[in-house]
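The values are calculated or read from the model by the stated rules, or taken from the named source; none is laboratory data. If you're wondering where the values come from, they're calculated on a predicted model, not measured in any experiment. Cβ sites come from the backbone with ideal geometry, for glycine too, and all protein chains shown count toward neighbours.
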There are 2 protein chains.
Amino acid sequence: MPDFSKGSAFIDAEYVPISEAKISLLDWGFLHSDATYDVVHVRGGKFFRLDDHLDRFFSGMKALRMSIPYTREELSGILSDCVSKSGLQDAYVEMITTRGLPEPGSRDPRTCRNRFFAFAVPFVWITPPGKGLDLIVSQRQRIPPESVNPTVKNYHWLDLVMGQFEAYDQGGETAVVVNAKGNIAEGPGFNIFAVKNRVLTTPGEGVLEGITRKTAIDIANELGYEVIQGELTPEAARLADELFATSTAGGIMAITRIDCQTVGTGSLGPITQELQDRYWALHSDPHYAREIHY
Amino acid sequence: MPDFSKGSAFIDAEYVPISEAKISLLDWGFLHSDATYDVVHVRGGKFFRLDDHLDRFFSGMKALRMSIPYTREELSGILSDCVSKSGLQDAYVEMITTRGLPEPGSRDPRTCRNRFFAFAVPFVWITPPGKGLDLIVSQRQRIPPESVNPTVKNYHWLDLVMGQFEAYDQGGETAVVVNAKGNIAEGPGFNIFAVKNRVLTTPGEGVLEGITRKTAIDIANELGYEVIQGELTPEAARLADELFATSTAGGIMAITRIDCQTVGTGSLGPITQELQDRYWALHSDPHYAREIHY
């Protein structure tokens with residue numbers, strides 16, 4: 001029996017252990033980063049906001065002129081099977097469509113048959129619960145929307161990875177990169193929020209419209225906080241009462257240091273805590289959670 | 001015996017037929033397009049300017065803080081073996097270093113062991129000799145140097161691929177994308193030159209410093225033509241006497257239509273022809289060509 005315990009993947013209409021999950025070197029998904037994807041998380045055996053992730057995934061494929069031979073229901077079934085085969089109760093589940101390979105002798109993307117991949121792997125926190133992130137504002141610019149549409153989830157991450165190295169050099173743990181105006185954009189896999197005088201600000205444009213970002217905005221509105229989606233200057237972030245990151249990889253996470261200085265009191269702030277509690281509570285709301293049958 | 005005739009690859013220190021050349025779905029080279037590469041071509045059983053490609057490849061790895069366990073000479077040997085195993089006399093040979101996979105549970109690129117891949121596949125022309133390219137100037141912006149260093153050869157190509165789709169929509173065959181000023185940058189895998197009154201202009205910044213571009217500049221200088229590396233407006237390109245593309249994938253290739261209008265006389269121009277002839281002649285110059293032992 002193959003061992004799926006470290007994760008499982010769906011490739012070429014078959015389920016394989018994650019260690020065997022491979023893609024052709026010649027697939028444009030690799031050679032041209034010509035792909036779109038989405039990642040949904042599973043906590044306690046339930047998908048969280050699967051429908052929103054599927055919406056974004058299908059709209060990303062449309063924008064890149066890609067298609068897959070699965071209906072939305074069939075796709076949900078494949079993702080669910082990846083998790084149940086692995087037995088993982090807490091997991092990331094990634095769905096990917098790549099351009100595929102062009103016909104021999106061609107360089108025309110219209111000759112490619114798009115390919116679909118999915119996998120489930122154990123959940124990894126960007127930062128473990130209770131530990132605040134130590135953030136650096138990198139001078140590196142996020143790839144602008146005029147080049148690559150950031151609302152189509154994509155693998156163009158070299159700016160973010162190089163920002164991360166910059167953070168390590170400066171003694172930080174992770175980075176946010178900036179937009180062309182020098183204001184904060186996003187980090188590797190997370191959006192950012194600043195809280196000042198009970199008003200929340202999060203970068204409004206040129207960033208991935210994260211599902212966790214959306215959830216945080218919805219919760220904040222529900223709790224009566226004003227949320228501004230607009231420019232967030234590094235200065236404003238440094239002077240914030242609270243800062244937090246949002247990501248499928250960990251939910252709502254406090255940022256307790258920025259550019260080697262303490263944020264607010266230096267520990268998990270009360271509004272961040274409130275949003276975090278509500279965020280995890282939503283994981284048992286049947287409106288957002290979908291049970292997996294193992 | 002495995003069949004290497006359609007191409008061969010070097011993966012995990014073994015040679016495999018190209019159809020078996022695969023990379024883990026979890027490698028950051030795929031999931032974050034966190035990789036650098038180079039492509040050298042082989043014509044008539046000889047590498048062309050292999051040393052220049054190796055220089056660029058090693059300098060790209062350094063910029064991305066990657067390394068491989070092979071010396072320059074060992075790497076040349078691997079590339080040569082990929083070609084000789086395939087038996088191909090005309091080939092592309094690609095060398096790739098990816099970030100690799102982080103340690104289980106980590107998202108820290110410093111925990112990754114970088115991975116090296118190489119492959120040889122049959123030579124494919126961007127446009128066959130004698131046929132001029134039909135080019136569209138896309139409004140899509142090339143990813144700027146402030147985000148991703150274009151002199152480090154990388155797989156961030158979604159801007160170029162979407163530009164290509166734009167070209168098809170407008171009845172063209174390929175596209176160039178522009179820089180933030182709206183001036184021409186580069187196309188998918190090629191640089192561009194305009195000739196006006198015997199002066200050559202090629203975009204100077206924010207583009208890959210192509211080896212074929214460099215060769216074309218060297219040849220032009222040697223032949224006594226002035227070459228300007230600076231801004232090339234779409235207007236100037238449309239009014240050029242001659243336009244040509246340079247790429248490892250085909251050398252120096254005439255562009256005979258731009259934005260659905262004829263360039264100059266609409267056929268291969270005399271200066272393009274002169275450069276092209278000299279370019280292919282250099283392929284038997286021992287200073288540039290290195291023989292492969294099959």
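Would a scan of segment A:74-87 turn up a residue that is within 19 Å of the chain's Cα centre (by Cα) and either within 30 Å of residue B:187 (Cα to Cα) or assigned to a strand (DSSP E or B) (or both)?
no
Looking at (1) outside the structural domain of residue B:189 (by TED's automatic domain parsing); (2) surrounded by fewer than 20 Cβ atoms within 10 Å (Cβ to Cβ); (3) outside any loop (DSSP other than H, G, I, E, B), find the lone condition where residue B:139 falls short.
With (1) outside the structural domain of residue B:189 (by TED's automatic domain parsing); (2) surrounded by fewer than 20 Cβ atoms within 10 Å (Cβ to Cβ); (3) outside any loop (DSSP other than H, G, I, E, B) applied to residue B:139, the lone miss is (1).
If you go through segment A:18-45, how many residues are among the charged types (D, E, K, R) and either surrounded by fewer than 20 Cβ atoms within 10 Å (Cβ to Cβ) or without any contact (Cβ under 8 Å) to a residue 40 or more places away in the chain (or both)? Reasoning before the result, please.
First, pick out the residues of segment A:18-45 that are among the charged types (D, E, K, R): A:20, A:22, A:27, A:34, A:38, A:43.
Narrowing further to those that are either surrounded by fewer than 20 Cβ atoms within 10 Å (Cβ to Cβ) or without any contact (Cβ under 8 Å) to a residue 40 or more places away in the chain (or both): A:20, A:22, A:43.
Going through segment A:18-45 one residue at a time, the tally reaches 3.
State the number of residues belonging to segment A:161-207 that are buried (at least 20 other Cβ atoms within 10 Å of the Cβ), more than 18 Å from residue A:141 (Cβ to Cβ) and of a type in the set (A, V, I, L, M).
Selection size over segment A:161-207: 3.
Which residues, taken from segment A:20-52, are away from every other protein chain (no Cβ under 14 Å) and in contact with a helix residue (DSSP H, G or I) (Cβ under 6 Å, 6 or more places away or on another chain)?
Within segment A:20-52, A:40, A:42, A:43, A:48, A:49, A:52 qualify.
When the residues of segment A:1-19 are filtered to those that are within 20 Å of residue A:69 (Cα to Cα) and out of contact with any helix residue (DSSP H, G or I) (no Cβ under 6 Å at 6 or more places or on another chain), which remaining residue is farthest from the other protein chains (Cβ to nearest Cβ)?
Checked segment A:1-19; the qualifying residue farthest from the other protein chains (Cβ to nearest Cβ) is A:13.
Hey, any hits in segment B:125-133 for a residue that's surrounded by 20 or more Cβ atoms within 10 Å (Cβ to Cβ), hydroxyl-bearing (Ser, Thr, Tyr) and facing another protein chain (nearest Cβ under 8 Å)?
no
Which residues, taken from segment A:149-160, are in contact with an Asp or Glu (Cβ under 7 Å, 6 or more places away or on another chain) and either surrounded by fewer than 23 Cβ atoms within 10 Å (Cβ to Cβ) or more than 8 Å from chain B (Cβ to nearest Cβ) (or both)? If you could, list the steps in order and put the result at the bottom.
If we filter segment A:149-160 for residues that are in contact with an Asp or Glu (Cβ under 7 Å, 6 or more places away or on another chain), which is where we start, we get A:151, A:153, A:157-158.
Selection gives A:151, A:153, A:157.
So, residue B:163, is that one in a helix (DSSP H, G or I) and either more than 10 Å from every other protein chain (Cβ to nearest Cβ) or without any contact (Cβ under 8 Å) to a residue 40 or more places away in the chain (or both) or not?
Judged against the criteria, residue B:163 is a match.
Just give me the residues in segment A:134-148 being more than 8 Å from every other protein chain (Cβ to nearest Cβ) and hydrophobic (A, V, I, L, M, F, W, C), in sequence order.
Within segment A:134-148, A:135, A:136, A:137 qualify.
Within segment A:166-177, track down each residue that is over 11 Å from residue A:135 (Cβ atoms), in contact with a strand residue (DSSP E or B) (Cβ under 7 Å, 6 or more places away or on another chain) and facing another protein chain (nearest Cβ under 9 Å). Walk me through it before giving the result.
Restricting attention to segment A:166-177, the residues satisfying the condition of being over 11 Å from residue A:135 (Cβ atoms) are A:166, A:168-169, A:171, A:177.
From what is left, the residues that are in contact with a strand residue (DSSP E or B) (Cβ under 7 Å, 6 or more places away or on another chain) are A:166, A:177.
Correct list: A:177 only.
Being closer than 27 Å to residue A:148 by Cβ and either surrounded by fewer than 23 Cβ atoms within 10 Å (Cβ to Cβ) or touching a strand residue (DSSP E or B) at 6+ places or on another chain (Cβ under 7 Å) (or both) is the requirement here; does residue A:271 meet it?
no
Condition first: of a type in the set (Lys, Arg) and either crowded, with 17+ Cβ neighbours inside 10 Å or within 13 Å of residue A:122 (Cα to Cα) (or both). Now tell me which residues in segment A:70-106 satisfy that.
Within segment A:70-106, A:85, A:99 meet the criteria.
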